[in-house]
Amino acid sequence: MISPFGSHQAGVATAQQQYMTLVAADLTVTDAVLLRRFLVDVSDTVVAITRGEDTPPSPMYPEKAETPTDYATGLPPAGLTVTAGIGPGVFELSGVTREPPRRLRPLPDFAGDHLDPRWGGGDLVFQICADDPQVVSAAMRALRARMPGYAVIRWTQSGFLSSPHGGGTPRNMFGQKDGTSNPRNGTAEFDDVVWALPDEPSWFRGGTYLVFRKIRMKTANWDLTARSEQDAVMGRHRADGSPLTGKAEFDAPDLDAAKADGTLVIASDAHIRRAHGFSMLRRSYNYDYGFLTAMAGGSPDPLEHPENHPHAPGTKEHHHGGHGKLDVGLLFCAYGNDPDRQFIAAQKRLAEQDRLNEFIQHTGSAIFAVLPGFGEDGYVGDTLV
Ligand code: HEM
């Protein structure tokens, strides 16, 4: 069991569990009193389910106090954490008098964005993680049961991590080790990068920001790309995650190293060169929605014609199976205390130039302030309302 209490909420510094669902919601309450009541109720629920206990009966349905609330019947909590964040809209409620976190602003547009408005924004977010997908799903139901009268779900996203041979850094849907250069929990770098800066309003101490991007990965194009080019796109060997200038995954990339002909070993547009120098905690999950989102009429881009993808020389005439509509990718989650200098600065640079762009498409986007932690006598958001 992972304790939900502490100066920071669980689920950020916590080692990544195998499954995640992000639930974004819009508030239907208009004042701070009701928001507080909702947050107290959510906290009681979170405390119960992370211990593997039934949730208290919903105050919305007093006449149904007998209704069972053992959503995860018979299952242990499987490392469950629920991490709550708020969007800019919360500060428009009457009676919310605290100053907003200084860096909580809608994200700018980035070149190449292909955002579906159905997968963005929100007044609230809950990041639900556990090592059992059914526990994640049950936690979602438990939280949803508290929402009537307070909030409505806006969007959800669900993802998973891989479990590579011998453990270590998980693999993304392109087969790459993803997360190698993340700051490590327990180091000064981690604290400096993640937790709210001293110039933030005092109620926000212990909080952080979450930038979410739903990024589709064009696996069909990737699978038709030679291994050497795949490695060049990233600047790392896909097989073992080592930089093109090194032998082992954690060797520091040498960005100045040149080949005999004078060209750079790690190309000028390689992803790790373009992203280098921007520190953030990437706590992302893979997703595979198959053809579901295309069938629901959303992104992937219905304008993406199959003829736009490359074929190896000599490929025979063939029909396409609609792989341009396959929705597989990364639920990119970046935690950090300064989105302007971290995610936003990095994404501007990547949108400008990154060899990876040919293979990816950003289709969802949101930013939240992750609330500080709370104690046994408190509730999530108790320093805010
Ligand atoms: C589907 C999209 C993406 C994929 C597949 C991807 C994949 C990777 C991989 C495999 C690495 C090298 C291993 C590691 O250090 O984790 C990496 C590094 C990194 N990525 Fe991405 N990434 C994606 C999007 C992004 C975005 C949107 C950002 C931020 C705006 C970002 C920021 C970074 C940073 C900061 C590094 C570390 C660079 C360094 O070595 O200093 N990535 N990414």
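The values are calculated or read from the model by the stated rules, or taken from the named source; none is laboratory data. Worth saying up front: this structure is predicted, and the values here are computed from it rather than measured. Cβ sites come from the backbone with ideal geometry, for glycine too, and all protein chains shown count toward neighbours.
Things worth noting here:
- Residue pairs meeting the criteria (Cβ under 7 Å; at least 6 apart or on separate chains; first closer than 25 Å to Asp132 by Cβ, in the range 148-164; second surrounded by fewer than 17 Cβ atoms within 10 Å (Cβ to Cβ) and modelled with pLDDT under 95): Trp155/Arg118
- Residues considered: Gly168, Gly159. Of these, the only one that is within 30 Å of Thr225 (Cβ to Cβ), part of a strand (DSSP E or B) and out of contact with any Gly (no Cβ under 8 Å at 6 or more places or on another chain) is Gly159.
- When Lys325 is tested against (1) of a type in the set (Lys, Arg); (2) buried (at least 17 other Cβ atoms within 10 Å of the Cβ); (3) near the ligand (Cβ under 9 Å from one of its atoms), only condition (3) is not met.
- The listed residue being modelled with pLDDT under 95 and under 29 Å from Ile215 (Cβ atoms), out of Arg102, Arg118: Arg118
- Test: Gly175 is away from the ligand (no atom under 16 Å from the Cβ) and within 21 Å of the chain's Cα centre (by Cα): no
- Out of Ala48, Ala13, sole residue that is part of a helix (DSSP H, G or I) and not polar (S, T, N, Q): Ala48
- Test: Val211 is within 12 Å of the ligand (Cβ to nearest atom) and touching a strand residue (DSSP E or B) at 6+ places or on another chain (Cβ under 6 Å): yes
- Every residue from the range 282-293 that is surrounded by fewer than 22 Cβ atoms within 10 Å (Cβ to Cβ) and more than 11 Å from the ligand (Cβ to nearest atom): Asp288, Tyr289, Gly290, Phe291, Leu292, Thr293
- Whichever residue in the range 345-385 is of a type in the set (Asp, Glu) and closer than 17 Å to Ser43 by Cβ and, among such residues, is farthest from the chain's Cα centre (by Cα): Asp377
- Some residue of the range 151-169 being in contact with a Ser or Thr (Cβ under 6 Å, 6 or more places away or on another chain) and within 16 Å of the ligand (Cβ to nearest atom): yes
- Restricting attention to the range 183-208, the residues being in a loop (DSSP other than H, G, I, E, B), surrounded by fewer than 18 Cβ atoms within 10 Å (Cβ to Cβ) and within 16 Å of the ligand (Cβ to nearest atom) number 3.
- Residue within the range 109-120 that is of a type in the set (D, E, K, R) and crowded, with 21+ Cβ neighbours inside 10 Å present: no
Listed here are the residues, each with its yes/no results for (1) surrounded by 15 or more Cβ atoms within 10 Å (Cβ to Cβ); (2) touching a Cys at 6+ places or on another chain (Cβ under 8 Å); (3) acidic (Asp, Glu); (4) touching a residue at least 24 places away in the same chain (Cβ under 8 Å).
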{"site": "Gln18", "(1), (2), (3), (4)": "yes, no, no, yes"}
{"site": "Thr28", "(1), (2), (3), (4)": "no, no, no, yes"}
{"site": "Phe38", "(1), (2), (3), (4)": "yes, no, no, yes"}
{"site": "Gly52", "(1), (2), (3), (4)": "yes, no, no, yes"}
{"site": "Pro57", "(1), (2), (3), (4)": "yes, no, no, no"}
{"site": "Met60", "(1), (2), (3), (4)": "no, no, no, yes"}
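- Qualifying position, being acidic (Asp, Glu) and at pLDDT below 95, among Asp70, Asp109, Asp44: Asp70
- Filter result (surrounded by fewer than 20 Cβ atoms within 10 Å (Cβ to Cβ) and more than 20 Å from the chain's Cα centre (by Cα)) within the range 145-172: Ala145, Pro148, Gly149, Tyr150, Val152, Pro164, His165, Gly166, Gly167
- Given (1) surrounded by fewer than 20 Cβ atoms within 10 Å (Cβ to Cβ); (2) touching a residue at least 40 places away in the same chain (Cβ under 8 Å), number of the condition His8 does not satisfy: (1)
- Pairs where the first residue, in the range 174-192, is closer than 17 Å to Leu244 by Cα and at pLDDT 95 or above and the second is more than 15 Å from the ligand (Cβ to nearest atom) and not small (Gly, Ala, Ser), C-beta under 8 Å, 6+ apart: none
- Reported count of residues in the range 237-263, each being touching an Asp or Glu at 6+ places or on another chain (Cβ under 8 Å) and more than 11 Å from the ligand (Cβ to nearest atom), is 5.
- Matching residues in the range 79-124 - criterion: being more than 20 Å from the chain's Cα centre (by Cα) and hydrophobic (A, V, I, L, M, F, W, C): Val90, Phe91, Leu93, Val96, Ala111
For (1) closer than 25 Å to Tyr335 by Cα; (2) out of contact with any Leu (no Cβ under 9 Å at 6 or more places or on another chain), each residue gets a yes or a no:
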{"position": "Ala32", "(1), (2)": "no, no"}
{"position": "Ile49", "(1), (2)": "yes, no"}
{"position": "Leu75", "(1), (2)": "no, yes"}
{"position": "Ala78", "(1), (2)": "yes, yes"}
